[in-house]
Amino acid sequence: MNNESPEFIRFVNPGDLRVAHISCGTAGCHAKEVQTNRKQIMATGCMLWGAALYNNGSVPFKWPRYGESYSMHGAPQRLVTVPTPTPEETATKGVLPYLAMVFIAMALLYLFPGLALWLPQLVYG
């Protein structure tokens, strides 16, 4: 579909991020949402490719470097995060704090197995 005209893409799928800024993102409709979504990681597929390649041992790094993004006219684009996140930002805003909470919860359930049944017993008697 990269060889199709923007008009055709807009007709077939007005929410396509290549043309959404001229269909859904105008006239005070969804301009903020369209602009925000064009910058998200899921708009490029790099999260999918990065995770698949890392988890299968194809690449030794977790930074997503593979994905695709196309302009309104079908030309490939290069996407760059400005400013580039620091390693500290990646660690504190990434998945590590969540994983720490999961491991703490697992440890508590291992040490105190009664916690797993406390709420159901409270609710259902």
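Taking helices (runs of 4 or more DSSP H) that do not extend beyond region 38-125, which have at least 1 residues that are within 14 Å of the chain's Cα centre (by Cα) and over 30 Å from ILE22 (Cβ atoms)? Give the steps one after another, and end with the answer.
Details: elements: 46-55, 87-93, 96-111, 115-124.
Here the list reads 46-55, 87-93.
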CYS29, sole failed condition from (1) over 20 Å from the mean Cα position of the chain (by Cα); (2) of a type outside the set (Gly, Ala, Ser); (3) under 16 Å from PRO6 (Cα atoms): (3)
In region 1-23, the residues that are assigned to a helix (DSSP H, G or I) and not polar (S, T, N, Q): PRO6, GLU7, PHE8, ILE9, ARG10, PHE11, VAL12, ALA20, HIS21, ILE22
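No lab work stands behind these numbers, since they all come straight from the coordinates. Computed from a prediction, not measured in an experiment: that's the story for all the values here. With ideal geometry, Cβ positions are generated from the backbone for all residues, glycine too; neighbour counts draw on all protein chains shown.
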